[in-house]
Amino acid sequence: MSARPLLSVRGLSKSFGALKVTDDFHLDVPDGELHAIIGPNGAGKTSLIHQLSGSLKSDGGTISFAGKDITRLSMVERVRRGLARSFQITSILEGFSVLENTALAVQARSGSSFRFFAPAASEAALNDQAMAALARVGLDDRAERRAGSLSHGEKRQLEIAIALATGARLLLLDEPLAGTGHEESTLLVELMRALKATHTIVLIEHDMDAVFALADRVSVLVSGRLIATGAPAEIRTDSQVRVAYLGEEGAAA
Ligand SMILES: Nc1ncnc2c1ncn2[C@@H]1O[C@H](COP(=O)(O)OP(=O)(O)OP(=O)(O)O)[C@@H](O)[C@H]1O
Ligand SMILES: [Mg+2]
């Protein structure tokens, strides 16, 4: 692991009126780590992801990525630098094919660089890169299908393919397992395990079995504040965490 974290957050704060959703938050994610962020409903997890991806402006604090301060960069500029959020399902273009959805993400990353190719060669290059991302998530055999016809779990896979197709180094995944059935979630957990070999991942997830199986470290957010960060085994036994969060699942763990 490199000495310098890939993602570094300091003193991040955000309020919606009187409601503090991010309260002096800090985080260091080393290259190659899968860092899970857990916390009760309304703790501010999604608001945090929005601030990291650049779709929500923070009131204060700094976000550094690959050694550069990105706090004031737009979402598009952050994607160009390798920071990608798994897009919400609503952003999948349901009427377009799986391949077209993914090729658009490749194009967004490469900007004008494909202009130097002849149109046919440029399209082939786009499609090759999109197919590589689809193969990575196991959707290559669905490439020609209409995105709207995919199952819920396959749409989650497509969202991840789209994030990969932007050339991301760091993936921000907000509840990828939400609403999936047992088989779909097993498949997505295996996919995330495989992605760990090549990507740094910040994972928000309520499924504690998945979190404890996948995460290198876990941070616990309660009312916008970080109350603990540690290895899964430490978090599982942390008394403050159990009271604030895991307690609601009983003493089974
Ligand atoms: N744009 C907004 N304006 C006002 N309040 C908001 C806004 N977005 C979120 N909130 C509130 O901020 C708090 C944190 O919301 P957030 O979605 O970040 O929580 P969360 O941890 O992701 O919850 P969940 O586990 O349910 O997804 C909630 O009380 C929510 O109602
Ligand atoms: Mg949320």
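The values are calculated or read from the model by the stated rules, or taken from the named source; none is laboratory data. As the structure is a prediction and not an experimental result, all values here were calculated from the model. Glycine gets a Cβ as well: all are built from the backbone with ideal geometry, and neighbour counts include every protein chain shown.
Any residue in the stretch 209-224 that's touching a residue at least 12 places away in the same chain (Cβ under 8 Å) and within 22 Å of His50 (Cα to Cα): show its pairings with residues that are part of a helix (DSSP H, G or I) and not charged (D, E, K, R) at Cβ separation under 6 Å, as long as the two are six or more apart or on different chains.
Ala215/Pro232; Val218/Pro232; Val218/Ile235; Val220/Val241; Val222/Ala244
Please find, among Ser15, Ser74, Ser55, Ser47, the residue that is among the polar types (S, T, N, Q), within 13 Å of ligand 1 (Cβ to nearest atom) and modelled with pLDDT under 95.
Going through Ser15, Ser74, Ser55, Ser47 in turn, the sole match is Ser55.
Kindly check whether there is at least one residue in the stretch 238-251 that is within 15 Å of Val29 (Cβ to Cβ) and either surrounded by fewer than 19 Cβ atoms within 10 Å (Cβ to Cβ) or of a type in the set (Asp, Glu) (or both).
no
Can you give me the ranges of the helices (runs of 4 or more DSSP H) entirely in the stretch 151-249 with at least 3 residues that are acidic (Asp, Glu)? Give the steps one after another, and end with the answer.
On the way: elements: 152-165, 182-195, 208-214, 232-237, 239-244.
Where helices (runs of 4 or more DSSP H) fall fully within the stretch 151-249 and carry at least 3 residues being acidic (Asp, Glu), they are 182-195.
Can you spot a residue in the stretch 178-186 that is under 20 Å from the mean Cα position of the chain (by Cα), in contact (Cβ under 8 Å) with a residue 12 or more places away in the chain and within 15 Å of ligand 1 (Cβ to nearest atom)?
yes
Kindly list the number of the only condition in (1) modelled with pLDDT of 85 or more; (2) within 16 Å of ligand 1 (Cβ to nearest atom); (3) surrounded by 15 or more Cβ atoms within 10 Å (Cβ to Cβ) that fails for Leu99.
(2) is the only condition that Leu99 fails.
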